[in-house]
């Protein structure tokens, strides 16, 4: 199975953005082994649910490590 690198970024709320808020790194980067990108992201989210994670504002970034 391939190796993937995963990170989760959280976008600011509209109010935070107006006040100069920026995206924050909530999780990672971390490596995992999975059959595809979707499985890698799901495995990461289920195994280690990051504290303060708001999935509405989150962006899960997955890339193959090769």
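The values are calculated or read from the model by the stated rules, or taken from the named source; none is laboratory data. Just so it is clear, the model here is predicted, and its values are computed rather than measured. Every residue, glycine among them, receives a Cβ derived from its backbone with ideal geometry; neighbour counts consider all protein chains shown.
Some observations on this one:
- One residue stands out in region 11-41 among those that are in contact with a strand residue (DSSP E or B) (Cβ under 9 Å, 6 or more places away or on another chain) and assigned to a helix (DSSP H, G or I): the one that is modelled with the lowest pLDDT, namely 41.
- Consider region 11-49 and keep the residues that are over 23 Å from residue 65 (Cβ atoms) and in contact (Cβ under 8 Å) with a residue 24 or more places away in the chain. The one that is surrounded by the fewest Cβ atoms within 10 Å (Cβ to Cβ) is 13.
- Positions within region 42-66 being assigned to a strand (DSSP E or B) and more than 15 Å from residue 2 (Cα to Cα), in sequence order: 58, 59, 60, 61
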